[in-house]
Amino acid sequence: MIETINAVIEEVKAIQKDRSMEPEAFRMKYLAKKGLITNFFQEFKSVPNEQKREYGQVINTLKNLAEDVYGALKADAGSSAAGTRIEDPTKRTESLGFGQKHPISSVRDEIIEIFSRVGFDVSEGPEIEDDWHNFSALNFPEEHPARDMQDTFFVAKDPDWALRTHTSSVQVRAMEKQQPPIRTISPGRVFRNEAISTRSHCMFHQIEGLYIDKDVSFADLKQMIQYFADSFFGKDTKIRLRPSYFPFTEPSAEVDIYWGLENEIDYRITKGTGWLEIMGCGMVDPNVLSACGIDPEVYSGYAFGMGIERIAMNRYQIPDLRMYFENDIRFLQLFESGL
Ligand code: PHE
């Protein structure tokens, strides 16, 4: 018996030398449940007692050797065929790099940083809002056509609850909670029932700002916008304010920055004027202050609001607003450098 095992050991050593066997065939012959080695182990009980020790040693030698040879044969098979065989198909072949911030998050954080340098805090509020905070407190009278300026998604046909159409609702909550001085910005997602196109989407991000104190004037507002334009778009950025209308501010204005008209892209994004609209702003309407429990005889304030997608689109020359929401890795990788 022991001689038989020794003969098998020699056989396996020969295979080890010339690697002449497929690993699976080797396993079946020697190591599998019905293989030779298992067989030798099963015969152990019928071996006479005085031979048991030696018998045990040789089959263990054979078993260890066979396992080594099987491993070597497998490794050979893996490295042949030009390494195309992967043992574990779920194993990663290369490490994944770190991700990077979405351009909307980068721009949002940069804007927050610019305003927090001059004392603005950040406030947040719910995305599902009641009529009071989204409209009524902001001087949108019921049935007033101004409500149509922002097409609204109502929740479950209940006219009192809707997805907020702007983050001005957060500012109402800030004013209700605290007396001036208030200096806060509210970044967040907003929703409007608009057709999806290269320039608009039913969901986008805004940052709105609010400053309320004694003797806040339009000059203060203009200075803050100039500070923002210089910080975000570059020193000495030219700005201009055009009269506009919002129910919650009086007077109201749209802000343009001078972008330039040097090439075809400038023509396209500024519609041939060189000026680019970046935000709406104005002095908070006294009706809004009263509605939020702030005395308009004592306090005044300004507000402004901008769309983050638009601002980021201009800065990075992104041609289609829908790209922000598709999570296409090739688009996101463009911003890998950390912006
Ligand atoms: N809430 C306005 C909008 O969504 C933006 C705005 C904010 C305008 C504050 C003026 C003052 O269009």
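Report the charge-dipole magnitude of the chain in Debye, nearest 20, computed about the Cα centre from +1 at each Lys and Arg Cβ and -1 at each Asp and Glu Cβ.
Details: 39 positive and 53 negative charges, 322 e Å.
That gives the chain a dipole magnitude of about 1540 debye.
What relative contact order, as a whole-number percentage, does the chain give when Cα pairs under 8 Å and 6 or more residues apart are counted?
This gives 15 percent for the chain.
With each label point set 7 Å from Cα along the Cα-Cβ vector, what nm distance links Glu110 and Lys63?
Each label point is offset 7 Å from its Cα along the Cβ direction, giving 6.7 nm.
Taking the Cα centre of the range 191-339 as origin, sum charge times position over the Cβ atoms of Lys and Arg (+1) and Asp and Glu (-1), and report the length of that vector in debye to the nearest 20.
Value, rounded to 20: 380 debye.
If you place +1 on the Cβ of every Lys and Arg, -1 on the Cβ of every Asp and Glu, and leave all else neutral, what size is the dipole of the range 2-79 about its Cα centre, to the nearest 20 Debye?
260 debye
Give the accessible area for Asp220 in Å² (nearest 10); use a 1.4 Å probe, count only protein heavy atoms, and leave out ligands, DNA and RNA.
Here the accessible area works out near 50 Å².
Based only on the alpha carbon positions, what is the Kirkwood hydrodynamic radius of the chain, in angstrom?
With all distinct Cα pairs of the chain included, I get 25.9 Å.
What is the sum of charges around Glu129, taking Lys and Arg as +1, Asp and Glu as -1, for the other residues whose C-beta is under 14 Å from the C-beta of Glu129?
Neighbour charge sum, excluding Glu129 itself: -3.
Round to a whole number: what % of the accessible area of the chain belongs to carbon and sulfur, probe 1.4 Å?
51 percent
Per residue, how many Å² of accessible area does the chain show with a 1.4 Å probe?
Per residue, the chain has an accessible area of 56 Å².
Solvent-accessible area of Asp213, probe 1.4 Å, all protein chains present, reported in Å² to the nearest ten, please.
Result for Asp213: roughly 40 Å² accessible.
For the pair Ser20/Asn193, report the inter-label distance in nm, with labels modelled 7 Å from Cα in the Cβ direction.
Result for the modelled spin labels: 8.2 nm.
Taking the dipole about the Cα centre of the chain, with the C-beta of Lys and Arg at +1 and of Asp and Glu at -1, give me whichever of Gln51, Thr237, Ile185 is farthest to the positive side.
Toward the positive end, the furthest listed residue is Gln51.
Using only the Cα atoms of the range 178-223, construct the convex hull and provide its projected area averaged over every direction, in square nanometres to one decimal. Display every interim value, and only then the final one.
Numbers: hull surface 19.6 nm².
Seen from a random direction, the Cα hull of the range 178-223 projects 4.9 nm² on average.
Against the longest alpha carbon principal axis of the chain, how many degrees, from 0 to 90 and to the nearest 10, is the axis of helix 103-116 turned?
50 degrees
Give the angle, between 0 and 90 degrees and rounded to the nearest 10, that separates the Cα long axis of helix 168-177 from the longest principal axis of the Cα atoms of the chain.
Rounded to the nearest ten degrees, it is 80.
Would you tell me the accessible area of Phe40, worked out with a 1.4 angstrom probe on the heavy atoms of the protein chains, in Å² to the nearest 10?
10 Å²
Between Phe153 and Thr273, what is the label-to-label distance in nm when each label sits 7 Å out along the Cα-to-Cβ direction?
According to this spin-label approximation, the distance is 3.0 nm.
Mind jotting down the three principal axis lengths of the range 119-182 based on Cα atoms? Whole angstrom, largest first.
Ordered largest first, the range 119-182 gives principal extents of 38, 21, 17 Å.
Please report how far the C-alpha centroid of the range 47-76 lies from that of the range 286-339, rounded to the nearest whole angstrom.
Cα centroid to Cα centroid, the span is 72 Å.
Which order do you get for Glu277, Glu254, Glu194 if you rank them by accessible area with a 1.4 Å probe, largest at the top?
Ranked list, largest accessible area first: Glu277, Glu194, Glu254.
Using a 1.4 Å probe and counting only protein heavy atoms, arrange His201, His144 so the residue with the most accessible area comes first.
These residues rank, largest area first, as His144, His201.
Using the structure shown, list the pairs from Lys177/Lys214; Lys214/Lys235; Lys29/Lys74; Lys238/Lys271 with a Cα-Cα distance above 24 Å, or answer none.
Violating the 24 Å Cα-Cα cut-off are Lys214/Lys235.
Please state the relative contact order of the range 129-271 as a whole percent: Cα pairs under 8 Å, 6+ residues apart?
With pairs under 8 Å counted, the relative contact order is 17 percent.
Residues in the range 186-217 near a label at Glu326, defined as backbone nitrogen under 11 Å from the 7 Å Cα→Cβ point?
Within reach of a label on Glu326: no residues.
Counting only other residues whose beta carbon sits under 14 Å from that of Pro180, what net charge do I get with K and R as +1, D and E as -1?
Every neighbour counted, the sum reads -4.
Helix 2-18 sits at what angle to the longest principal axis of the chain, using alpha carbons and giving 0 to 90 degrees rounded to 10?
50 degrees
Ordering Ser217, Ser106 from largest to smallest accessible area (1.4 angstrom probe), what's the sequence?
Ser217, Ser106
Length gain on complete extension for the stretch His144 to Ala75, per 0.36 nm per residue less the alpha carbon to alpha carbon distance?
On the way: separation 69, 0.36 × 69 = 24.84 nm, distance 7.74 nm.
Extra length available between His144 and Ala75 comes to 17.1 nm.
The values are calculated or read from the model by the stated rules, or taken from the named source; none is laboratory data. Note that the coordinates shown come from a computational prediction; the quantities given were computed from them, not determined experimentally. As a convention, Cβ positions derive from the backbone with ideal geometry for all residues, glycine included, and neighbour counts pool all protein chains shown. Just so you know, the surface numbers come from the protein's heavy atoms only, side chains and all, with ligands and any DNA or RNA stripped out. Shrake-Rupley method; radii C 1.70, N 1.55, O 1.52, S 1.80 Å.
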